[in-house]
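Below you'll find the structure, written out as structure tokens, and then a few comments.
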Amino acid sequence: MAELATIARPYAEALFKAQASDLAGTAAWLEELAVVADNAQLQQFVDSPKVSDEQAFELISGVLRSALPEAGKNFLRLVIENRRLSALPVVAQQYRALMNAQGGTADAVVYSAFPIEASALADLSTTLEKRFARKLNVSVELDASLIGGVRVVVGDEVLDTSVKARLEQMKSALTA
């Protein structure tokens, strides 16, 4: 993973500097490219010596839901020519981190055993922003193994208030 991060960093930084006028728009098409590029079958197809760069470009741009702007087309061509398609998901992740650093925000993933209503999520978001002392972009993922409660991941910080975590704490306290 460290190797992909090293490969992706210059791409993310260059794209961030070049697209300073439309950071959010660039993030949208870059995220879409990253999702497509993360497909193992697509990567295998593109890595085949029988497939030209133009064929790979046409396939990828044809699969996307929205048309790429000119900057996106140029970026995709560059990534394909340099055989760095597998690094695109990491490029998108690092680009998002650069955007967050500039805006003073962070991405937060809330893992919950059950769906969270919009009003409860708004309250939770406000509480988490106070707890982590920064503006958060909150997304929710379901994880039934938590049994109840939530587990919040912001960067490398984790706040785990799930029933599963509490049971693990009780187990270790009883066996110690």
- prompt: In the set 139, 145, 86, 125, which member is open to solvent by less than 80 Å² (accessible area, probe 1.4 Å), in contact (Cβ under 8 Å) with a residue 12 or more places away in the chain and not in a helix (DSSP H, G or I)?
  reply: 139
- request: May I ask you to verify whether residue 159 is within 21 Å of the chain's Cα centre (by Cα) and part of a helix (DSSP H, G or I)?
  value: no
message: Based on this model, can you work out whether residue 96 counts as within 29 Å of residue 12 (Cα to Cα), open to solvent by less than 90 Å² (accessible area, probe 1.4 Å), at pLDDT 95 or above and not hydrophobic (A, V, I, L, M, F, W, C)?
response: no
statement: Within region 62-85, the residues that are within 21 Å of residue 49 (Cβ to Cβ) and in contact with a helix residue (DSSP H, G or I) (Cβ under 7 Å, 6 or more places away or on another chain) are 76, 77, 79, 80, 81, 84, 85
- request: Filter region 99-122 down to the residues that are free of Cβ contacts under 8 Å to residues at least 60 places away in the same chain, touching a helix residue (DSSP H, G or I) at 6+ places or on another chain (Cβ under 8 Å) and more than 18 Å from residue 156 (Cβ to Cβ), then identify the one that is most open to solvent (accessible area, probe 1.4 Å).
  value: 116
message: Of everything in region 55-73, what is over 22 Å from the mean Cα position of the chain (by Cα) and open to solvent by 90 Å² or more (accessible area, probe 1.4 Å)? Give them in sequence order.
response: 55, 58, 70
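The values are calculated or read from the model by the stated rules, or taken from the named source; none is laboratory data. Since the model is a prediction, treat every value here as computed from it, not as a measurement. So basically every Cβ, Gly included, is an ideal-geometry build from the backbone, and we count neighbours across all protein chains shown. Ligands, DNA and RNA are stripped out before the accessible areas are found, and what is left, the full protein with its side chains, is counted by its heavy atoms. Shrake-Rupley method; radii C 1.70, N 1.55, O 1.52, S 1.80 Å.
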